[in-house]
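Engineer: This is the structure, below, for whatever I ask next.
The values are calculated or read from the model by the stated rules, or taken from the named source; none is laboratory data. In this text, all values refer to a predicted model and were calculated from it rather than measured experimentally. Cβ placement follows ideal geometry from the backbone for every residue including glycine, while neighbour counts extend to all protein chains displayed. Just so you know, the surface numbers come from the protein's heavy atoms only, side chains and all, with ligands and any DNA or RNA stripped out. Shrake-Rupley method; radii C 1.70, N 1.55, O 1.52, S 1.80 Å.
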Amino acid sequence: MLLVSCGSKKQVYYANNNLSEKTIKPKPTKKNKKTNKEVVYSSDPKIRYVQQFGAIAQDEMRRYKIPASVTLAQGLLESQSGQGVLALKSNNHFGIKCKRNWNGRKVYHDDDAAGECFRAYKDPKDSYRDHSLFLVDRDRYASLFKLKKDDYKGWAKGLKKAGYATDPSYAEKLIRLIESLELWKFDNSKSTPKFKISNAPIHVVQKGDTLFGISKKYSISVAKIKKMNGLTSSEIQIGQRIRLEK
């Protein structure tokens, strides 16, 4: 059974000295090899993550019939939008542990127990492929592949029921990400959907903040803030990033 990491910030130990311990920060722009045009990334970490890995998730969907929306939501959640320890330092976006059949690079990370072995990849694409194979090769996920390709809710609930994660709210978190970021568009499009880059302010939640207080500060209704950020309740956490587009 795979036990996924939910972005723990505990110590990571390297089994391969060639792995860099330098924090990797995504570049704001890059060149599109096909058009030679500059690609501008969003300042919102969730949108930036989808910009970077949306096409990869769609490639995996075409090959293995796993909805791209679900793969992206899992990647976002497990890797903390690409900023989690395992994602930054070993390109492991899904918290996949070594297990007996792994002969590749390894890192050791304090998770459910101290110094657990996790897989390290040369490229994030390899992590996405490993995630696909993990689902395809295990009988307990077989029923998911009988669902319609755009049934992201069925997949989210099915993953939780099959024991993919121990978090009781895992399915709801995936669905919330898919709907708030409109990731379902990736399931029905032959091309990669484009995001409109917004310069809307981001409020980082501080101790004592409430949605009502934030709404008054920025003159935006609580209902709009909740809809914009995919919130189903008024509960917010310190460090949470709240989009405030008017």
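Here's the yes/no breakdown for (1) out of contact with any helix residue (DSSP H, G or I) (no Cβ under 9 Å at 6 or more places or on another chain); (2) of a type in the set (A, V, I, L, M); (3) at pLDDT 90 or above:
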position: LEU2; (1), (2), (3): no, yes, no
position: ASN16; (1), (2), (3): yes, no, no
position: ASN32; (1), (2), (3): yes, no, no
position: SER42; (1), (2), (3): no, no, no
position: ARG63; (1), (2), (3): no, no, yes
position: LYS89; (1), (2), (3): yes, no, no
position: LYS106; (1), (2), (3): no, no, yes
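Engineer: Identify all residues within the stretch 50-92 that are under 14 Å from HIS131 (Cα atoms), assigned to a loop (DSSP other than H, G, I, E, B) and open to solvent by 10 Å² or more (accessible area, probe 1.4 Å); write none if there are none.
Structural biologist: Once the filter is applied, which keeps residues that are under 14 Å from HIS131 (Cα atoms), assigned to a loop (DSSP other than H, G, I, E, B) and open to solvent by 10 Å² or more (accessible area, probe 1.4 Å), the stretch 50-92 yields LYS65, ASN91.
Engineer: Regarding SER143, is this residue in contact with a His (Cβ under 6 Å, 6 or more places away or on another chain) and either surrounded by fewer than 16 Cβ atoms within 10 Å (Cβ to Cβ) or not basic (Lys, Arg) (or both)? Can you show your working first?
Structural biologist: Details: in contact with a His (Cβ under 6 Å, 6 or more places away or on another chain): no; either surrounded by fewer than 16 Cβ atoms within 10 Å (Cβ to Cβ) or not basic (Lys, Arg) (or both): yes.
Judged against the criteria, SER143 is not a match.
Engineer: Still on this structure: In the stretch 212-236, what count of residues is obtained for those that are open to solvent by 90 Å² or more (accessible area, probe 1.4 Å) and not in a helix (DSSP H, G or I)?
Structural biologist: Qualifying residue count for the region: 3.
Engineer: Okay, next question. If I filter the stretch 148-184 down to residues being over 16 Å from the mean Cα position of the chain (by Cα) and touching a residue at least 40 places away in the same chain (Cβ under 8 Å), which single residue comes out as farthest from GLU60 (Cα to Cα)?
Structural biologist: THR166
Engineer: Just checking, how many residues over the stretch 123-139 are at pLDDT 95 or above and open to solvent by 40 Å² or more (accessible area, probe 1.4 Å)? Walk me through how you get there before you give the answer.
Structural biologist: Restricting attention to the stretch 123-139, the residues satisfying the condition of being at pLDDT 95 or above are 123-133, 135-136, 139.
Keeping just the survivors that are open to solvent by 40 Å² or more (accessible area, probe 1.4 Å) gives 123, 125-126, 129, 133, 136, 139.
Qualifying residue count, the stretch 123-139: 7.
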